[in-house]
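S.K.: A single structure is presented below for examination.
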Amino acid sequence: MTTSTQVVTWRREAPGVWTVTLDRPPANALGVPVLAGLHAAIDAAERAGDVKVMIVTSALDGFFAAGADIKHMSSIDAASFMAYGDKMRAVNDRLAGAGWVSIAAVDGLALGGGLELAMACTMRVSGPRARFGLPEVKLGLIPGAGGTQRLPRLVGRGRALDIMLTARQVRADEALAIGLVDRLADSDVVTDALALAGELVTASLPAQVAVVRAVNAAFELPPEAFGPSSPSARRTSPEI
């Protein structure tokens with residue numbers, strides 16, 4: 001069964017596995033309709049209660065998501081601009097904090113907010129045509145939906161600054177080499193993402209979520225906070 005908000009659709013592919021597909025031509029600009037659709041998909045997954053892996057991908061050839069909706073941004077006032085940024089961050093934060101593992105399946109441009117959306121996912125599978133970048137400095141802006149935090153966590157401070165300050169696009173092979181993506185698909189990126197999902201659903205979801213939270217916390221807390229009796233360890237460890 002496929003459910004739709006016109007620009008975002010979601011469906012159950014296998015037990016525990018959902019795909020969420022962006023479809024807003026020409027480039028999946030992350031305007032208000034797409035953000036609302038992503039919220040609706042997450043809401044539906046939470047209501048279902050049996051989602052273990054969510055794959056986020058695109059129906060558009062050559063594009064995952066080309067970034068924020070520049071046309072929308074140019075037509076709104078300062079207060080609306082801030083509210084729009086809050087909506088983008090809210091989607092990414094919900095996805096990053098969800099009670100399942102998420103995979104971004106990217107085979108095209110993932111730029112600006114599109115890359116920030118991909119980085120909010122737990123893992124990323126790249127097709128050979130994918131290109132990644134945060135080009136906001138060319139517009140006199142900075143990445144505003146988690147890019148300045150999540151990119152250094154994935155690739156390190158130096159590489160993150162190189163990517164953001166030059167506004168360059170990172171090819172798929174380099175993205176794999178520097179840790180921006182986790183798998184490089186040989187052919188169809190969604191097929192490879194579904195294969196990865198098939199591996200992931202065989203493990204304990206509470207343990208997987210605990211691992212993700214512990215690893216995320218490692219970037220935010222000092223090492224001494226991770227002793228066996230530390231509050232962090234107790235908070236992120238599943239009951240046995």
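The values are calculated or read from the model by the stated rules, or taken from the named source; none is laboratory data. Not measured: the values here are computed from a predicted model. Positions of Cβ are backbone-derived with ideal geometry, glycine not excepted, and every protein chain shown enters the neighbour counts. The protein model used for the area step is the full one, side chains on, heavy atoms only, and it has no ligands, DNA or RNA in it. Shrake-Rupley method; radii C 1.70, N 1.55, O 1.52, S 1.80 Å.
S.K.: Given the options S75, S102, S187, which has the most mean-square fluctuation in a GNM of the chain, springs set between C-alpha atoms less than 10 angstrom apart?
M.R.: Evaluated over the chain, the most mobile residue of the options is S75.
S.K.: Separate question: Stretched out fully, how many nm does the piece from Q149 to M82 gain, at 0.36 nm a residue minus the Cα gap?
M.R.: Residue separation times 0.36 nm, minus the Cα-Cα distance, leaves 22.3 nm.
S.K.: Between A207 and R11, what length comes free when the chain is fully extended (0.36 nm per residue of separation minus the Cα-Cα distance, one decimal in nm)?
M.R.: Once the chain is fully extended between A207 and R11, it gains 68.1 nm.
S.K.: Among 198-209, 130-141, 20-31, how do they line up from the highest to the lowest mean number of other beta-carbon atoms within 10 Å?
M.R.: Answer by packing, highest mean first, reads 20-31, 130-141, 198-209.
S.K.: Shifting gears a bit: Separation of region 116-132 and region 73-90 by C-alpha centroid, Å?
M.R.: Region 116-132 and region 73-90 have Cα centres spaced 24 Å from each other.
S.K.: Where the accessible area of region 29-174 is counted over protein heavy atoms with a 1.4 Å probe, how much of it, in %, is carbon and sulfur?
M.R.: 57
S.K.: What distance in nm lies between label points placed 7 Å from Cα along the C-beta direction at D93 and K138?
M.R.: 3.0
S.K.: Modelled label-to-label distance, A59 and A195, 7 Å Cα→beta-carbon offset: nm?
M.R.: Calculated label separation equals 2.6 nm.
S.K.: Compute the FRET efficiency between L161 and V32 as 1/(1 + (r/R0)^6), taking r as their Cβ-Cβ distance and R0 = 51 Å, and round to the nearest 0.05.
M.R.: For R0 = 51 Å, the calculated efficiency reads 0.95.
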